[in-house]
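Everything below concerns the one structure shown next.
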2 protein chains.
Amino acid sequence: MSGRLGEFERIGRFLRPLADGTPGALGLGDDGAALDPPPGQRLVITTDAMVESVHYLPGERPDRLARKLLRVNLSDLAAMGARPWAYTLTTALNEGADEAWLAAFAEGLSDDQAAFEIALIGGDSVSTSGPVVLSVCAMGAVAPDRLLRRNGARPGDTIWVSGWLGDAALGLRLEKGEVAHPPQEATDHAYLCERFHLPSPRLALGAALGGLATAAMDVSDGLIGDLGHICRQSSVGAEIDLGAIPLSPAARTLIAGNPALQRIAWAGGDDYELLFTAAPEHAGRVAGAAGDAGVPATPIGRVTAGEGISAVGGSGEMQALAGWSHF
Amino acid sequence: MSGRLGEFERIGRFLRPLADGTPGALGLGDDGAALDPPPGQRLVITTDAMVESVHYLPGERPDRLARKLLRVNLSDLAAMGARPWAYTLTTALNEGADEAWLAAFAEGLSDDQAAFEIALIGGDSVSTSGPVVLSVCAMGAVAPDRLLRRNGARPGDTIWVSGWLGDAALGLRLEKGEVAHPPQEATDHAYLCERFHLPSPRLALGAALGGLATAAMDVSDGLIGDLGHICRQSSVGAEIDLGAIPLSPAARTLIAGNPALQRIAWAGGDDYELLFTAAPEHAGRVAGAAGDAGVPATPIGRVTAGEGISAVGGSGEMQALAGWSHF
C-alpha cells in the first residue's frame, strides 16, 4: 500500500481518538477490549454490514456513511429495547479511502457516538481490492424484563409503526435519478434523501416499549417482508390497513405525482422505523410512549390467528406485494 | 443473485444450526442476540477480519478457512487470558461461494465451536462483487484480576514465547511454491502448511498465565513487530537471544537447506503463539503452566529499561529486522 498509511497509523490517527473516553477500550492497544458488563442487565448484540454499491452509492460522503453504518446497528438495539453500550468496527477499505476519506469517516462516527452515547472499543482495519465492506458489531444493555422480541405477538394485538414509511426508498430513487417527476420543492427532495442517508434509530421509543409491546423489530427491508418475520416468529397472521400506513407530507406529494411509486412506500426498505405489536387496551400507553420519545406511532392493523398477511383499504395491490422479497 | 439462495435461506440452512444450542442467540430470528453476561467476569471483545487473496489464498478449503477465521479471534482471547463465550459472524461473499462452499464453511465452524466451546449468536450475510471479506467479533470472559494486557512488562522480566515460531510463514511460502528447496519429508511439508492453515489458539496457556504474566499478546504479525507493541505499551525495551527462539524440527530442517529463510522465522507472521513476560522468579510457575496446557514455553530474552529491541546470538541480522514492519 505505497503512499498510504499503514494499519497502525490509520488506527492511531483516526480511530484511537474515538475510544479515548472509554477505559475498557484499552486505547485500542491490546488484543481486545475488556469491559465490565452493565450489572443486572442483559446484553443485546447485533451486527450489520454495508457494502459499497450494494448498500450505499459509490462516492457517498464518508461522514454520512459512517453515521448510517452506526445507525442501522443502533436501530437493531432500539428494536430490542436496548440502550447503546459499545461497538466494534471492521473496515475493509480500497484505494478510494485516502486520509481525507478516513478523517471524514471518523468525524461522522464521532458525531454519532456523542449523539447516541455509544463508545468505540475495538475493531479491525484491512484492505480489499474490491468494493468497500464495513461492519459494526453493536452491543446494548436492557433489563431482562424489558427485552423486546419478535415472537410475542398475539391475535388481537394492534400493529403499530413509528414515524413514516417509504421516505428512504423514495429518497434512494431520487438520488439515482429514477423518479419521473421529482419534487418541485427543494425541501421535499432534501428531506427524502436525508431519510435514506441518515435513518433515525428509535432508541427512546424502543426503550419505552419494553414490557409494553408484545413483539417488535425495525423495518429495514420493507414493511411487508418485515411484518412477515414477526408473523412467522409469533405464529400469527396479520391484517393491515393500507390506507393507514403513515406517509410523510413529502412522500404523499411525490407519490401523488408518481402513482407507480405507491408500492415502494409499502415495500421499500431502509426506513429503520419500529414495527411493533401491543394489546389494544394499551393504545393510550403506546401513544404516550411515542409522545415522550418525540416520534409519532400509528396503528396500521391487527394481529390475526392463522398465518399470512392480508390487507384492507388501498388498491388491492397487496396480493402482489405479499410475496415480495428484497433478494 | 439469480440461482443462489437468498440471505434468509442461507442463514436458515447453514448458520442457524450453529446457534441451536444457545438460547440467547434467539435462533438468529431477532434483530440481535440477548445474553446474560457471565456473572462477576469481565468481558473481552475482539474482532479480526480476513480478506480473500490478502489473508488467505484464493481457493482455500472453506472448512479450514472457517476454522482459521475463528481461531485467529480465539487467539486474541487467549492473549488476554479469557475463556471463549460467544461470537458473531459477518460474511461478504461473492459468486464463488455456492451452497457446497457454504456447507463446508459451516461444518468448519461447527467443528471448532465444539472444540473451543464457543457459540454463534448472530451475524450478517451480505454480497460483494469483490474478494470475500469475513469477520468475526469474538467475546470471552475473564476474572478481572486474571486479565492479561500488553502494558505491564517490567525491566528484568523474562520474555517467553509459546510453541514454535516461523512455521506458519514457512508453510505459506511452501503453499505458494516460493521455497527453493522444499522439504524432502512429506510430513514436514504437511506440518508446516497445517501450521499456516490452522493455528492453535493457546487458550489454556493464556488462562493459566492470568495473574502470572506481566504482559501478553499473540504473535500474529511476527515476533519482532509484536514484541515492539509490548515494549511501547509497557514503556520498556527488550533484548532477545536469537539462538533461543524456538523452531520446530521441520522448520529447522527447512531453514538448514534454505538459509535465506532464517529471517522469516523471526519476522514472519501468522504464528498465533503467545508472547509474554513474567518475573524471572516465576520461571518455574510459567513452565508448570505451560506443561499443564500441553504446549512448550521458551524463554527468549529479557525486558530492559529504555526502549528498542536488541539482539544477542544469531548472525547480527537483527539490525535489519528491528526496523521491519509488515505493512
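The values are calculated or read from the model by the stated rules, or taken from the named source; none is laboratory data. Since we're looking at a predicted model, the values are computed, not measured. We place every Cβ from the backbone using ideal geometry, glycine too, and count neighbours over all the protein chains shown.
Numbers at a glance
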item	result
Of all residues making up the range A:51-68, the number that are in contact (Cβ under 8 Å) with a residue 40 or more places away in the chain and either crowded, with 21+ Cβ neighbours inside 10 Å or facing chain B (nearest Cβ under 8 Å) (or both)	9
Meets criteria (out of contact with any strand residue (DSSP E or B) (no Cβ under 7 Å at 6 or more places or on another chain) and of a type in the set (Gly, Ala, Ser)) for B:Ala168	yes
Sole exception among (1) away from chain B (no Cβ under 14 Å); (2) part of a helix (DSSP H, G or I) for A:Pro183, by number	(2)
Single condition B:Leu102 does not satisfy, out of (1) over 13 Å from B:Ile11 (Cβ atoms); (2) more than 8 Å from chain A (Cβ to nearest Cβ)	(1)
Leading residue by the ranking (farthest from A:Ala79 (Cα to Cα)) among those in the range B:14-34 that are of a type in the set (D, E, K, R) and away from every other protein chain (no Cβ under 12 Å)	B:Asp20
Residue in the range A:175-194 that is crowded, with 19+ Cβ neighbours inside 10 Å and among the polar types (S, T, N, Q) present	no
From the options B:Gly21, B:Gly27, B:Gly40, B:Gly59, residue that is in the same structural domain as B:Ala92 (by TED's automatic domain parsing), part of a helix (DSSP H, G or I) and not aliphatic (A, V, I, L, M)	B:Gly27
Condition met for A:Pro37 (surrounded by fewer than 21 Cβ atoms within 10 Å (Cβ to Cβ) and within 12 Å of chain B (Cβ to nearest Cβ))	no
Only one of B:Ala267, B:Ala204, B:Ala250 that is in contact with a helix residue (DSSP H, G or I) (Cβ under 6 Å, 6 or more places away or on another chain), buried (at least 20 other Cβ atoms within 10 Å of the Cβ) and within 26 Å of B:Asn151 (Cβ to Cβ)	B:Ala267
Every residue from the range B:172-224 that is under 22 Å from B:Pro155 (Cα atoms) and either at pLDDT 95 or above or not assigned by TED's automatic domain parsing to the domain that holds B:Ala290 (or both)	B:Gly206, B:Leu209, B:Gly210, B:Gly211, B:Leu212, B:Ala213, B:Thr214, B:Ala215, B:Ala216, B:Met217, B:Asp218, B:Val219
Only listed residue being touching a Leu at 6+ places or on another chain (Cβ under 8 Å), part of a helix (DSSP H, G or I) and small (Gly, Ala, Ser), chosen from B:Ala283, B:Ala265, B:Ala260	B:Ala265
Meets criteria (surrounded by fewer than 20 Cβ atoms within 10 Å (Cβ to Cβ), under 18 Å from the mean Cα position of the chain (by Cα) and over 25 Å from B:Arg61 (Cα atoms)) for B:His229	yes
Which listed residue is buried (at least 24 other Cβ atoms within 10 Å of the Cβ) and assigned by TED's automatic domain parsing to the domain that holds B:Ala49, from B:Val136, B:Val126	B:Val136
Check on B:Gly122, in contact with a Pro (Cβ under 9 Å, 6 or more places away or on another chain), facing chain A (nearest Cβ under 10 Å), outside any helix (DSSP H, G or I) and more than 30 Å from B:Ile309 (Cα to Cα)	no
All positions within the range A:286-308 that are of a type in the set (D, E, K, R) and either within 22 Å of the chain's Cα centre (by Cα) or assigned to a strand (DSSP E or B) (or both)	A:Asp292, A:Arg302
Tally, over the range A:200-218, of residues that are more than 14 Å from every other protein chain (Cβ to nearest Cβ) and part of a loop (DSSP other than H, G, I, E, B)	3
Answer residue from the range A:253-306, given it is of a type in the set (D, E, K, R) and in contact (Cβ under 8 Å) with a residue 60 or more places away in the chain and is farthest from A:Val236 (Cα to Cα) among those	A:Asp292
Checking B:Gln233 against (1) part of a helix (DSSP H, G or I); (2) within 13 Å of B:Ser162 (Cβ to Cβ); (3) polar (S, T, N, Q), the condition it does not meet	(2)
